[in-house]
Amino acid sequence: MTSANDKNIEANIDDNQTESKAAEKQNSLLSGIIERATKSGLGRKKLNPSAVESAVAKNMAEIHNNPTKLRLVFLGGGSFGTAMANLAARNGCDTTLWVRNKRTVKAMAKTQTNKKYLPGYKLDDRLKYSHDLQAAVKDTDIIFIAVPGLAFRETLKNIAPFISGQSIVSLTKGMEKDTFALMSDIIKDELPEVNFGVMSGPNLAIEIMKNMPSATVIASDSEALRHAVQAALHSAFFRVFASDDVRGVELGGALKNIYAIAMGMAAAYEVGENTKAMILTRGLAEMSRFGVHSGANPLTFLGLSGVGDLYATCSSELSRNYRIGNMLGRGMTIDAAVKKLGQTAEGVNTIQQVHEKATKEGIYMPITHALHAVIYEDKAALGVALHLMEAGFRSDVEFVMEHDHSNASLTAQMQTASKAKHKKDDDDNQ
Ligand SMILES: NC(=O)C1=CN([C@@H]2O[C@H](COP(=O)(O)OP(=O)(O)OC[C@H]3O[C@@H](n4cnc5c(N)ncnc54)[C@H](O)[C@@H]3O)[C@@H](O)[C@H]2O)C=CC1
Ligand SMILES: O=C(CO)COP(=O)(O)O
C-alpha cells in the first residue's frame, strides 16, 4: 500500500505543476480547513493533505461540473449498497456494484434486479456488477462500503492490497463486536493513510428505490471528498447534505437502531402517541449524551443523521430494527426474530456494545440498559418498563440544564417525595 501511495504522490507532484487554478484553490482551501482543525485541537485531521486528498481535490474542479468523471465502486449487494449504487449509476457516474457471490452477480447482471433484497425494482442499465474485488476496486476514485458492521474490518483487509489513492466512504450503521469501534475507527486502524468519510441519514432503501424524496449527510474532514460524494449521489430525489462531524453523524446512524428496536417493541404493546414521543425524545437524549462522551457535537444529533434517521426508523415497518423489536414484543426470542428477518439489523449487536460501554464508562443510558435486560437477561418487559418510568428526576435537555451527575441529590429528592406520598395516602385512607 505504501509503495502504491508513494507512486501516487510522485504522480501528483508532476500533475500538480500543470494543475488548473481552480484545483489549486481547492487544495489551499483544504489545507486551510486542516490547519484550522489541527489548531482547534480536535486532533482528527492531518497536518498536510494526504496524497489521496490531493488526488480527489485535483479532480474536483472537473467533478463538480461533471460527476460522470467519477469512478465509483459499492461493496455489498444488500439493499442499501444496491440502492446507492443505482443512484450513482443513474447520475451517470461510472459505477460498479461488487457482490461476493458469483452466482448473484450473474443473476443481477442478467435481470438488472436484486431479487433477494429489492425484488421488483429495475436497476439502471449503466450499473456494472462484479465479484472480482481487485478489478472492482482498482482505478476507482471512491469505494463505498455497505456491508454489515460485523464484516467491515474483514472487507477492509481484503481491499488493502488494492488501495492506491482511492477514498473510502462507509455506508454502514453498525459497531464492531467487543471493540466498540465505529466504521471510521476501523478505517483508521486498517488503512491509516486513506482519506475517508461516512454517510448516514433517514434512508430506507426501498423508499429510495421508489424515488420518494430523501436526504442524507456525508461527513468527512475532507472537503474534496464531501463535494465528490454530493456530486455523485445528489439528484432531484436525493439531497446530500455535508458535515465535518464524522463521529456525530456516524453515531447517529448506529445508535438510532437501538431506539428503533424499542419502538417496534412498544408498537407491539400498542402504546399511545405520548409514549412513542417519550421513547423517541429520551432516545435522542441518550444518543446525544453518548455522542458527547465520544467526542461528537451534540448539535449534530438535531440533523438528518440524528433526529432524521431516528424518526424514520422508529416509525416505519420498513426498518429491519423496528421489525426485530416488533417480533420481540410479540413474544419471539431474539434468535428466532433475527432468523425470521434474514437481513441485517445492526441494533441487535449495537445494544450489547453500547450497554457494555455505557456500564463501563458510567454513561447514563437507561433505555439501552432496559432493552438489554429484556432481550439478553430475560427480564419481564413490563417490570423493566415500570422501573424505567420510576427512575429519578432528570433534566429534560441536559445541554440546557445539567443533570446532577452523582444523582445523589435526585435520589434523595425521590425518596423524600415517595415518603411524603405514602404518608398522604395513609392519612387519606384513615
Ligand atoms: N437497508 C437500508 O435501508 C439501509 C441500510 N444501511 C446500512 O447499510 C449496511 C448494510 O445493510 P443492508 O444493505 O441493508 O444489508 P442487507 O442485509 O440488505 O445486505 C447485507 C449484504 O452484505 C453482504 N455481506 C455480508 N457479509 C459480507 C462479507 N463478509 N463480505 C461481503 N459482503 C457481505 C450480504 O451478502 C448482503 O449482500 C448496514 O450497516 C445498514 O445499517 C444504511 C442505510 C439504509
Ligand atoms: O438505517 C436505515 C434507514 O435510515 C435502515 O434501518 P434498518 O437497518 O432498521 O432497516
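Every read-out reported here was derived from the displayed coordinates using simple, explicitly stated rules and does not represent laboratory data. Note that the structure is a prediction, hence the values are computed from the model and not measured. Glycine also receives a Cβ, built like all others from the backbone with ideal geometry; neighbour counts cover every protein chain displayed.
Give me Arg103, Arg71, Arg247 sorted ascending by neighbouring Cβ count inside 10 Å, so fewest comes first. Display every interim value, and only then the final one.
On the way: Arg103 9, Arg71 16, Arg247 21.
Ranking Arg103, Arg71, Arg247 by Cβ neighbours within 10 Å, fewest first, gives Arg103, Arg71, Arg247.
Compute the signed sum of charges (Lys and Arg +1, Asp and Glu -1) over the other residues within less than 11 Å, Cβ to Cβ, of Leu204.
With Lys, Arg at +1 and Asp, Glu at -1, the net is -1.
Quick one: Asp245, Asp132, fewest Cβ neighbours within 10 Å first, how do they rank? Don't skip to the answer; put the middle values down first.
Values: Asp245 23, Asp132 12.
So the residues, fewest neighbours to most, are Asp132, Asp245.
Using a Förster radius of 45 Å, what is the FRET efficiency between Phe393 and Ala215 based on their Cβ-Cβ separation? Nearest 0.05, please. Walk me through the numbers before you get to the answer.
Working: r = 37 Å, r/R0 = 0.82.
My answer for the efficiency is 0.75.
Going by average Cβ density within 10 Å per residue, which order do the peptides 314-325, 389-400 take, highest to lowest? Mind showing how you got there, number by number?
Details: 314-325: 21.9, 389-400: 12.1.
In decreasing order of mean packing, 314-325, 389-400 become 314-325, 389-400.
List the residues of region 193-211 whose backbone N lies under 20 Å from a point placed 7 Å from the Cα of Thr179 along the Cα-to-Cβ direction.
Under cut-off, by backbone N: 193-199.
When the C-alpha atoms of region 253-404 are aligned to their principal axes, what extent does each axis show, in angstrom, from largest down?
Result, largest extent first: 42, 32, 31 Å.
Sum up the charges of everything whose Cβ sits under 12 Å from the Cβ of Leu123, counting Lys and Arg as +1 and Asp and Glu as -1, but leave Leu123 out.
Details: positive: Arg90, Lys110, Lys115, Lys122, Arg126, Lys128; negative: Asp124, Asp125.
Counting the neighbours of Leu123, the net charge comes to +4.
Highest first, please rank the peptides 161-168, 339-346 by the mean number of other Cβ atoms sitting within 10 Å of their residues.
Values: 161-168: 21.2, 339-346: 16.5.
Descending packing order for the listed peptides: 161-168, 339-346.
Calculate, for Thr416 and Glu317, the FRET efficiency according to 1/(1 + (r/R0)^6) with r their C-beta to C-beta distance and R0 45 Å; round to the nearest 0.05. Numbers along the way, then the final one.
Details: r = 44 Å, r/R0 = 0.98.
In this case the efficiency is close to 0.50.
Arrange the following residues from fewest to most other Cβ atoms within 10 Å of their Cβ: Tyr364, Tyr311.
Numbers: Tyr364 18, Tyr311 15.
Lowest to highest Cβ neighbour count: Tyr311, Tyr364.
Set the bar at 29 Å for Cα to Cα. Now go through Lys115/Lys173; Lys116/Lys379; Lys188/Lys276; Lys276/Lys357; Lys115/Lys339; Lys122/Lys340 and name every pair that lies beyond it.
Working: Lys115/Lys173 23 Å; Lys116/Lys379 35 Å; Lys188/Lys276 37 Å; Lys276/Lys357 26 Å; Lys115/Lys339 19 Å; Lys122/Lys340 26 Å.
In this structure, Lys116/Lys379; Lys188/Lys276 exceed 29 Å between Cα atoms.
Based only on the alpha carbon positions, what is the Kirkwood hydrodynamic radius of region 94-203, in angstrom? Mind dumping the intermediate values first?
On the way: mean 1/r = 0.0669 Å⁻¹.
About 15.0 Å, per the Kirkwood formula over Cα pairs.
At 7 Å along the Cα-to-beta-carbon direction for both Lys424 and Thr333, put a label point, then send me their distance in nm to one decimal.
Here the answer is 4.6 nm between the modelled labels.
Once both labels are modelled 7 Å past Cα along the beta-carbon direction, what's the Thr113-Gln343 spacing in nm?
So the two model labels end up 1.5 nm from each other.
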